[in-house]
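One structure below.
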Amino acid sequence: MKELIKGMRANIPLAVSAMAYGGVFGVLSGNHGVSWAEMLAMDLLMFAGSAQLVMIEMWSSPIPVLAISLAVLIVNMRYLLIGASLQPVFEGRPLWQKVLGMHLVADENWAVTIAAHRNGGSCPAFLVGGGLLLLAAWTLSTICGNLLGGQIMEPERWGLDFAFVAVFAALSLSLWQGRDDLLPWLVAAGLAVAGEQLLPGKLYIALGGVGGALTAVFLEIVQTRRHIAVAGQSCDRLAGTCEEDNR
């Protein structure tokens, strides 16, 4: 329970931000004809703001179920990478905890959990606490925004649609660890920008994420081999010194 509350406290600023852009998203959903009950179902069953935004953008009558499902699948492919990064947090835990934890993972509490783990460790309860707080904030704000419906016809005129970009930019900066992150970030950004121009739908999101991750893995392999080589040379020199002393 202590870690659960700790996770909630750590995510309070992000929950406030989520309520801000969640309200904007709710207004957009109301303008697209989504009912509050449908909005509630999306929040509880998906809890994925970016994927829900894609759904709303594609929402029409009749609903293009296949196209929406494919778009949501592509957008949420990043959770494969997110899930892999959380492996140390869930290590040794039973399957039900992993399933519950991953359902409550959002970009925000994932970033906070990873940062906490790097600074001394965190546990699934910390992640779940942040997820529950974010889910409550997101659901409340989206439902309220949805009930407002068409009261704000053009939220982009007020710059409200920029709330998504601002929050994710802040999350990205909080994960910056130094110069070693520069190349993977540049590769991810370059591939995403190029993919947005060349590829259909939301494939550019997966392209940027996978490309950046593979770049980071490649650099880690190169650095590991370099360290092994340096250690081997040091051992050889030490062995040579010992042989000379024995003589």
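Some values worked out for this structure:
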quantity: Qualifying residue in region 56-73 (condition: over 24 Å from Ile143 (Cβ atoms), in contact (Cβ under 8 Å) with a residue 24 or more places away in the chain, of a type in the set (A, V, I, L, M, F, W, C) and part of a helix (DSSP H, G or I)); calculated: yes
quantity: Pair list, Cβ < 8 Å and 6+ apart or interchain, from region 194-216 residues that are at positive phi to residues that are surrounded by 19 or more Cβ atoms within 10 Å (Cβ to Cβ); calculated: Gly201/Ala71; Gly201/Ile74
quantity: Qualifying residue in region 13-20 (condition: more than 27 Å from Cys123 (Cβ to Cβ) and in contact (Cβ under 8 Å) with a residue 60 or more places away in the chain); calculated: yes
quantity: Any hit, region 20-38, residues being farther than 14 Å from Gly145 by Cα and in the same structural domain as Cys123 (by TED's automatic domain parsing); calculated: no
quantity: One residue from Leu160, Leu171 being within 19 Å of Leu81 (Cβ to Cβ), assigned by TED's automatic domain parsing to the domain that holds Ser85 and modelled with pLDDT under 75; calculated: Leu171
quantity: Test: residue in region 92-100 that is under 15 Å from Leu135 (Cα atoms) and in a helix (DSSP H, G or I); calculated: yes
quantity: Single residue of region 79-105 satisfying the filter (β-branched (Val, Ile, Thr) and within 12 Å of the chain's Cα centre (by Cα)) that is farthest from Val217 (Cα to Cα); calculated: Val105
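Conditions tested, residue by residue: (1) modelled with pLDDT under 90; (2) over 16 Å from the mean Cα position of the chain (by Cα); (3) under 18 Å from Val16 (Cβ atoms); (4) in the same structural domain as Gly30 (by TED's automatic domain parsing).
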{"residue": "Glu108", "(1), (2), (3), (4)": "yes, no, yes, yes"}
{"residue": "Ala116", "(1), (2), (3), (4)": "yes, no, no, yes"}
{"residue": "Gly120", "(1), (2), (3), (4)": "yes, yes, no, yes"}
{"residue": "Cys123", "(1), (2), (3), (4)": "yes, yes, no, yes"}
{"residue": "Val128", "(1), (2), (3), (4)": "yes, no, no, yes"}
{"residue": "Ala137", "(1), (2), (3), (4)": "no, yes, yes, yes"}
{"residue": "Ser141", "(1), (2), (3), (4)": "no, yes, yes, yes"}
{"residue": "Gly145", "(1), (2), (3), (4)": "yes, yes, yes, yes"}
{"residue": "Leu148", "(1), (2), (3), (4)": "yes, yes, no, yes"}
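The values are calculated or read from the model by the stated rules, or taken from the named source; none is laboratory data. The shown structure was predicted, so the numbers you read here are calculated from the model rather than taken from an experiment. For neighbour counting, all protein chains shown are included, and Cβ atoms are generated from backbone atoms with ideal geometry for every residue, glycine included.
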